[in-house]
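Any read-out appearing in this document is the output of simple, stated calculations on the displayed coordinates, not a laboratory observation. Here the structure is a predicted model, which means the values were calculated and not measured. Backbone-built Cβ (ideal geometry, glycine too); neighbour counts: all protein chains shown.
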Amino acid sequence: MADIIGVIQVKGGVGRSTIATNLAAILSAAGPTTLIDCDLPQGTSASWFATRDSAASGRDLDLVLARDHVELVEKAGELNGSRRYIIIDAPPRIAAITRATIILSRLSLIPLGASAAEIWSTSDLLRTLDDARRYKPDVDARIVWNRFRAHTREARELSEAVRRELSLRELDARLGFRVAYSEALARGLSVTEWPDDTAREEMTALADEVVEILGGKS
Amino acid sequence: MAKSKTNPKVLKPVFDAEAALRFASEGEPVADQALSPPRKARPRSPARSRAGYTEITVLISDELLPRARAEAARKGRTLDELIEKLLSKHVGKH
């Protein structure tokens, strides 16, 4: 049975596809992995994969598109027996497909930047997560800090406020504000395949932590 | 029949397609609010008590039923209405 990881967030531009594509690339080294892009027609993950397909062919990674929640559940069900990991890049809204992603996923990651707009959006998502627990009591959703500027007071204060006021766990691994993420994405690569040691270490730490969390659930 | 020595399964399966479809369908009005005016709830089909209708029991696979329910919810119909419409398409109304 595959480990299904959903990357969800109500607001756009918070780094969902960056995290989904990088996780897919890194985790595919451990076994067959499918990246499901549900954010259509934007399709950032699909564009990344199309670019990657020619640059890094032969990897144990493929891409599937899902246009609605019925298609997502069907395709995830078909892949579940043959894949090690399934990564779902959900759309930036609380749609039926996002709700299905939450239920299907063993772990949902919520990218969040230290900005008020992104944190307010996450407050809306909290209600949906609470609703989801009526169907699946062990829903596990955790914040991933993205574009985090640890040296700024604003980032420290907002992250402390989130910890205090939102009842969401967060990953220890944090992604900083680095151009390497967009540079690698534009070339169909993960940052582990891009010459930026700090970004590589951040994303590797994120993937390791995800694997550790999933391992602890088995 | 010999009793199984394996422990009973008490954990829910990780891949719960039916729950995913049910929860997703339940949430559709939330998504609609952001994109378009909310749809008016359709009155429940009076078929069970309407003259000229007969209640029947049909076996539907566990795999198909949640998908049918989700599709009915997506179209704002009851399951009865959806099945009758599909059936009438195949066999004709008269």
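Any idea how far apart A:Glu183 and A:Arg163 come out in nm if each label point goes 7 Å out from Cα toward Cβ?
About 3.1 nm separates the two model spin labels.
Listed highest first by mean packing, meaning other Cβ atoms within 10 Å per residue, what order do B:59-65, A:64-70 come in?
Details: B:59-65: 9.7, A:64-70: 19.9.
Taking the mean over residues of other Cβ atoms within 10 Å, the ranking is A:64-70, B:59-65.
Tell me the label-point distance for the pair A:Ser47, A:Asp60, using the 7 Å Cα-to-Cβ offset, in nm and rounded to one decimal.
3.0 nm
Just going by the charge dipole of chain A, with Lys and Arg at +1 and Asp and Glu at -1 on Cβ, which of A:Gly13, A:Leu158, A:Phe49 is farthest out on the positive end?
Value: A:Leu158.
Please find the FRET efficiency linking A:Glu193 to B:Ser88, where r is the Cβ-Cβ separation and R0 is fixed at 41 Å, and quote it to the nearest 0.05. Display every interim value, and only then the final one.
Values: r = 56 Å, r/R0 = 1.36.
Result of the calculation: an efficiency of 0.15.
Modelling each spin label as a point 7 Å along the Cα-to-Cβ direction, I'd like the A:Trp120/B:Glu71 distance in nm, to one decimal.
4.1 nm
State to the nearest 20 debye the size of the charge dipole of chain A about its Cα centre, where the only charges are +1 on K and R beta carbons and -1 on D and E beta carbons. Spell out each step's value before the answer.
Numbers: 28 positive and 32 negative charges, 76 e Å.
Roughly 360 debye for chain A.
Report the charge-dipole magnitude of the stretch B:55-94 in Debye, nearest 20, computed about the Cα centre from +1 at each Lys and Arg Cβ and -1 at each Asp and Glu Cβ.
280 debye
Any idea what the relative contact order of chain A is, in percent, if you count C-alpha pairs under 8 Å spaced at least 6 apart?
Working: 408 pairs, mean separation 56.2, N = 218.
It rounds to 26 percent for chain A.
What does the charge add up to near B:Ser61, with Lys and Arg as +1, Asp and Glu as -1, over the other residues with Cβ less than 12 Å from its Cβ? Display every interim value, and only then the final one.
Working: positive: B:Arg67; negative: B:Glu18, B:Asp62, B:Glu63.
Once all neighbours under 12 Å are counted, the net charge is -2.
Taking +1 at the Cβ of each Lys and Arg and -1 at the Cβ of each Asp and Glu, which of A:Ser123, A:Ala2, A:Leu104 sits farthest along the dipole of chain A towards its positive end, judged by Cα position relative to the Cα centre?
Projecting each Cα onto the dipole axis, the largest value belongs to A:Ser123.
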